[in-house]
Amino acid sequence: MKLLPFLPRSATLAALALVVALAGCASFSEPRCSVGEQRLVSDLLYFGTERPGGVVTAAQWSDFLGTVVTPKFPEGLSVWPASGQWRSATGAITREASHVLNLVHPETEAADSAVRAIVTAYKSQFQQEAVLRVRGSACVSF
C-alpha cells in the first residue's frame with residue numbers, strides 16, 4: 001500500500017520521517033486557566049549549599065532571603081529544603097543539601113530581572129557555579 005501514491009516509496013518514507021521529526025518541534029500550549037484563575041509565571045530556583053571552604057549556613061540562607069529575595073518579591077514566596085545532585089563544569093558529580101525557592105509572579109520584565117538578580121547575587125555571594133532556574137506558566141487563584 002502506498003501512502004502517498006504520487007511519490008516514490010523512498011520519498012514517501014522521507015516525507016513521513018520529516019512529519020514525525022517536525023511534530024517533535026511543536027510547542028506545548030499553556031494550560032487553560034479556569035474562571036477565577038489568572039495566568040502567572042512560576043519560577044523554581046535551586047540553590048546548592050556547598051561552597052569553597054564550607055557550606056552556606058542556615059543563618060546565611062535566612063539572611064539572603066531577608067535582604068535579597070524578600071525586597072524583590074514582598075508579595076510572598078515559598079522555600080523548602082531539598083537534597084540533590086548535579087554535574088559541575090569539571091564533570092564531577094556533586095551531592096549536596098539545597099534550598100528550593102518558588103516565586104509566583106506576573107510575566108513582566110521587572111519580575112524577570114528581579115529573578116535574574118537573585119540568581120546572580122547568590123552565585124556571587126556564595127561562590128556558586130550555577131543556580132538552576134525552572135520557569136513555567138501556572139494558573140493561580142487566591
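Data overview
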{"item": "Rounded accessible area of residue 107 (nearest 10 Å², 1.4 Å probe)", "result": "130 Å²"}
{"item": "Inter-probe distance in nm under a simple model that places probes 7 Å from Cα toward Cβ, at residue 107 and residue 125", "result": "3.0 nm"}
{"item": "Residue 133-residue 34 FRET efficiency (beta carbon distance; Förster radius 25 Å; 0.05 resolution)", "result": "0.40"}
{"item": "Summed side-chain charge close to residue 109 - residues other than residue 109 whose Cβ falls under 15 Å, Lys, Arg +1, Asp, Glu -1", "result": "0"}
{"item": "Pairwise label distance in nanometres, residue 88 with residue 140, each label 7 Å out on the Cα-Cβ vector", "result": "3.5 nm"}
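The values are calculated or read from the model by the stated rules, or taken from the named source; none is laboratory data. Since we're looking at a predicted model, the values are computed, not measured. Note: ideal-geometry Cβ built from the backbone for every residue, glycine included; neighbour counts use all protein chains shown. For accessibility, only protein heavy atoms count, side chains too; no ligands or nucleic acids. Shrake-Rupley method; radii C 1.70, N 1.55, O 1.52, S 1.80 Å.
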